[in-house]
Amino acid sequence: MSTEKLLAGKTAVVTGASSGIGRAIAESLGSAGAHVVLGGRTPEPMAASVAKITTAGGSGEAHVLDVRKVDEMRAFVAHATESTGRLDIMVNNAGLSHPEAILEESDPEHWRVMLETNVFALLVGSQAAVGAMRACGAEGHLVNISSVAAQRADSGVYGATKHAVNCINNTLRRELMEDPIKVLTVMPGAIATNFARNFDSAILQGLVGMAGGGEAANVEITKGERLPDEVLAGAQAAIPGHLCTPEDVADAVLWAVTRPASVHLSEIVVRPKRDLNL
Ligand SMILES: NC(=O)c1ccc[n+]([C@@H]2O[C@H](COP(=O)([O-])OP(=O)(O)OC[C@H]3O[C@@H](n4cnc5c(N)ncnc54)[C@H](OP(=O)(O)O)[C@@H]3O)[C@@H](O)[C@H]2O)c1
C-alpha cells in the first residue's frame, strides 16, 4: 500500500480554524499532507493545531485576522499563496449565530455581524481564492460551510445567511464552469463546537449538565465566550445521536477533496441521526 499522503504538495487555507469545524478540517487536511494556512481570531488553539499537523508529518502556519475586513482577508489569502506559490483548497468556514427572534428580541448589530461574517467574508474569501487558484493553474476546491438551516424556510437571520451561502455557491459553480475549480457546499447539522457560545444561558447550562461529572461539573460558562473543551466533549459523548463531532465534518471534507478530478460533488450534509430541536 502507498504511504504517500493524499494531499502532498497541495496548499489549503481555512478560515475560522481556531475552533470547532474549521480547526478539525485544518488538522485533517494537514495530516493528509497539505500545507495548511489557518486563520482565526484566537492564536493559541491555532498554534496547537500547527504543532499537531507538524507531528503528523505535515506543515502549517497560523494567522490572526478578522475575516470581515476586506484588506485582511485578501492579505491572508495572498500570504498563503506566497509561502508555497500555490493554492489548491480554500475553506470558508468562519461563522456564527445569534439565535434570536427578529421582532423585539434581536439586536441589529447581531444581524450585522452574522451577515458580515457568514456572507460578506465568504464572498471576499471566495473571490480572492479563485484568483490565487487560477494564477497557479490549480485543480482547486472551494469549500464553503453552510448549514442545514439553509434547508429550512424559516430559520431566522442566521438561516438567511446560510440560504445566501448556498445561492452564492451555486452561482460560483456556474461562473467556474470553464475552470478546473470545484465548489462544494457543506451543510452541517448540530455539531459540538463553540457555535453554541451565543445560545441562551439555559441551553449553555444544559450543555454543562449533559457533560456530567468530572472536570466539566466545575466549569463556569459565560454567554458569548468560548466554551470549555471538556463541556463540548462531554455533551457530545452524552448524546452522540443528537450531536456530531467536528471531526465528522472534517472527514467528509477530506473525502470530497480527494475524489478523482472527474467527480463533481456539489453538496454534502453531515448531521446527527436525531434533531436537537433547540
Ligand atoms: N456547530 C454547528 O452546529 C454548526 C451547524 C451548522 C453550520 N455550522 C457552521 O460551521 C462553521 C464553523 O462553526 P463552528 O461550529 O465550528 O463554530 P465555532 O467553534 O464557534 O468556530 C467558529 C470559528 O469562526 C471564527 N470566527 C468567527 N468570527 C470571525 C471573524 N470575524 N474573523 C475570524 N474568525 C472568526 C472563530 O474564531 P474564534 O473562536 O477565535 O473567535 C472560530 O474559529 C460556521 O460557518 C457555522 O455557521 C455550525
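The values are calculated or read from the model by the stated rules, or taken from the named source; none is laboratory data. What you are looking at is a predicted structure, and each value in this text was computed from that prediction instead of being measured. Here the Cβ is made from the backbone with ideal geometry for all residues, glycine too, and neighbour counts use every protein chain on show. Areas reflect the complete protein model, heavy atoms only, side chains present, ligands, DNA and RNA absent. Shrake-Rupley method; radii C 1.70, N 1.55, O 1.52, S 1.80 Å.
Charges were assigned to the Cβ only: +1 to each Lys and Arg, -1 to each Asp and Glu. The resulting dipole of the range 95-167 about its Cα centre is roughly 440 debye. The solvent-accessible area of D251, taken with every protein chain present and a 1.4 Å probe, is close to 100 Å².
Extents of the range 192-243, taken as max minus min of Cα coordinates on every principal axis and listed largest first, are 24, 23, 17 Å. On the basis of the beta-carbon distance and an R0 of 25 Å, S266 and C136 show a calculated FRET efficiency of 0.60. Each helix, a run of at least 4 DSSP H residues, gives -39500 (n - 2.57); summed and divided by the residues of the chain, these come to -13000 deg cm²/dmol at 222 nm. Among T11, T42, the order of accessible area from largest down is T42, T11, computed with a 1.4 Å probe on protein heavy atoms. Sorted on the mean count of surrounding Cβ atoms within 10 Å across their residues, most packed first, peptides 22-31, 257-266, 52-61 read 22-31, 52-61, 257-266. Solvent-accessible surface of the chain, averaged per residue with a 1.4 angstrom probe and all protein chains in place: 48 square angstrom.
The stretch between A101 and R41, if pulled fully straight at 0.36 nm per residue, gains 18.9 nm over its current Cα-Cα span. Would you list, by chain and number, the lysines whose Cα falls below 23 Å from the Cα of K52, excluding same-chain residues fewer than 8 positions away? Cross-link targets: K5, K10. Summing Lys and Arg as +1 and Asp and Glu as -1 over all other residues whose Cβ lies under 11 Å from the Cβ of M46 gives a net charge of 0. Considering the chain, its Cα convex hull presents a mean projected area of 15.0 nm². Taking a straight Cα-Cα cut-off under 15 Å and skipping sequence neighbours fewer than 8 places away in the same chain, the aspartates and glutamates within cross-link reach of K182 are D88, E139, E267. The figure for W111 is an accessible area of roughly 80 square angstrom, using a 1.4 Å probe on the protein chains alone.
If one takes the longest principal axis of the Cα atoms in the chain, at what angle in degrees, from 0 to 90 and to the nearest 10, does the Cα axis of helix 121-136 lie? The answer is roughly 20 degrees. Taking a straight line from the alpha carbon of K223, these aspartates and glutamates sit under 18 Å away, with near neighbours fewer than eight places off in the same chain left out: E100, E105, D107, E109, D200. Put simply, the Cα atoms of the range 178-278 extend 54, 24, 24 Å along their principal axes, the longest span coming first. For the chain, the fraction of 1.4 Å probe accessible surface lying on carbon and sulfur atoms is 53 percent.
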